[in-house]
Amino acid sequence: MLVRLIAFLLIAEAMFGALRVAGLLGQLSAYDFVAITLIVLRGLVGAGQFVSGWLLANRRPQGLAMAPWALLASAILTVFEVGLNLAPTDIYYWLRWQVTGGYALYAVSAAAYLRTRRDHVSV
């Protein structure tokens, strides 16, 4: 049940991330190199989140292997995008570290849970 919830959250985050990246593509020339790099990386990580969420939802073993990496990559990227404010975001500056910490807590705990599930399945 919890694996299904994580799969849904991964797919939803990937879809909302794709909408955000698509909205920023028209304004790409207004940003510096670091922001452009982070925007492109967010698109790539979003693709990984979608694929791993889809695999988890369909109960494929590859999803258990891929999803923790997608979650951790997204958490690391969130530190740079939101926490350090290096990419455009809609989050108020006084809430950025709370949001970053909350997301990191979610991502690390979900990745740890999926890792334990993967270890139990492979035994």
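Since every read-out is calculated from the coordinates, none of them should be taken as a lab result. Since the model is a prediction, treat every value here as computed from it, not as a measurement. Cβ sites come from the backbone with ideal geometry, for glycine too, and all protein chains shown count toward neighbours.
How many of the residues making up region 81-92 are under 22 Å from residue 22 (Cβ atoms) and surrounded by fewer than 18 Cβ atoms within 10 Å (Cβ to Cβ)?
So the answer is 6.
Considering 47, 87, 35, 18, which residue is farther than 20 Å from residue 115 by Cβ, in contact (Cβ under 8 Å) with a residue 12 or more places away in the chain and not in a helix (DSSP H, G or I)?
Going through 47, 87, 35, 18 in turn, the sole match is 87.
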